[in-house]
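J.: Please find one structure pasted underneath; my questions will follow.
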Amino acid sequence: MVLGLLLVVSKFIQNAVTLLVVGLMFGYFVSALINILFLWANLADTREYVVWGLGSFEGLQNIEMSLFLVLISITIYFLFF
């Protein structure tokens, strides 16, 4: 969302420093909105969101984890070569 807004604004702002400041302002605004949503959410939903945001693999079955491991291994192999 912030990136999309920043791309639209970048059509009108040519100075890189000003664009950086506008991007920081957008980022802080969205962060404030997320904090307000945390304030209204119950504790269980908040914990699930934080764990999901940190990249949790909770709830995956062994076959899904194996497939994920194989795909990541292949991708890393091709990135090195």
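The values are calculated or read from the model by the stated rules, or taken from the named source; none is laboratory data. From a predicted model like this one, the values you see are computed outputs, not experimental measurements. Neighbour counts are summed over all protein chains in view; Cβ atoms, including those assigned to glycine, are modelled from backbone coordinates with ideal geometry.
J.: Would it be correct to say that VAL51 is assigned by TED's automatic domain parsing to the domain that holds VAL2, out of contact with any Phe, Trp or Tyr (no Cβ under 9 Å at 6 or more places or on another chain) and of a type outside the set (S, T, N, Q)?
T.: Judged against the criteria, VAL51 is not a match.
J.: Pairs, please: C-beta under 9 Å, at least 6 apart or cross-chain, first residue more than 16 Å from GLY4 (Cα to Cα) and not assigned by TED's automatic domain parsing to the domain that holds LEU3 and in the stretch 15-32, second in a helix (DSSP H, G or I) and among the β-branched types (Val, Ile, Thr)?
T.: none
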